[in-house]
Amino acid sequence: QLQASGGGLVQAGGSLRLSCVASGSISSINRMGWYRQAPGKQRELVAEISIGGSINYADSVKGRFTISRDNAKNTVTLQMNSLKPEDTGAYYCNAKSVVIATWYDYWGQGTYVTVLQ
């Protein structure tokens, strides 16, 4: 239902772009975003954008990552610049929908980002 693409291997200081598209089977999407999970660590929010355009970034990526969204196409993109080795991990696309005051979480399959020293 969420198909992510992008990721890969990059040198520190480089850039990568992640994209995610939500299928039509997910309705009433409110927020879309990206989480990541580094080896041995818990999954954490990287960036999230609401249907109205309100954005939330993790402090560690502010000024380096940019999230954008196309509501008509149900896509979310994460442009990652000035990458650091600590950005390495599995990145998961997330969509949150709300139906009759109930929130639902949807997850993509994850795409791995490796940043080399």
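Considering only I51, I29, I100, the mean-square fluctuation computed in a Gaussian network model of the chain, springs between alpha carbons under 10 angstrom, is largest for I100. Pairs of Cα atoms under 8 Å, at least six residues apart: use those to get the relative contact order of the chain, whole percent. So the answer I get is 37 percent. Given their separation in residues at 0.36 nm each and the Cα-Cα distance between them, I100 and D70 gain 8.4 nm when the chain is fully extended.
Think of a 1.4 Å ball rolled over the protein heavy atoms: the chain then has 52 Å² of accessible area per residue.
Its Cα gyration tensor gives the chain an equivalent ellipsoid. The semi-axes, each the square root of 5 times an eigenvalue, are 25, 13, 13 Å from largest down. Here's the picture: a label point sits 7 Å out from the Cα of Q117 along the beta-carbon direction, and within segment 1-26 the residues with their amide nitrogen under 19 Å of it are 9-14. Counted residue by residue at 0.36 nm each, then reduced by the alpha carbon distance between them, the extension gain from S60 to L9 reaches 16.4 nm. Here the chain is treated with +1 on each Lys and Arg Cβ and -1 on each Asp and Glu Cβ, and its dipole about the Cα centre works out to around 80 debye.
Placing dummy labels 7 Å off each Cα toward the beta-carbon, the span from S28 to K41 is 3.4 nm.
Among residues other than R69 whose Cβ falls under 13 Å from its Cβ, what is the net charge (Lys/Arg +1, Asp/Glu -1)?
That sum, taken over residues with Cβ under 13 Å, equals +1.
The values are calculated or read from the model by the stated rules, or taken from the named source; none is laboratory data. Here the structure is a predicted model, which means the values were calculated and not measured. Positions of Cβ are generated from backbone atoms using ideal geometry, with glycine treated the same way; all protein chains shown enter the neighbour counts. All accessible areas refer to the heavy atoms of the entire protein, side chains included, with ligands and DNA or RNA removed. Shrake-Rupley method; radii C 1.70, N 1.55, O 1.52, S 1.80 Å.
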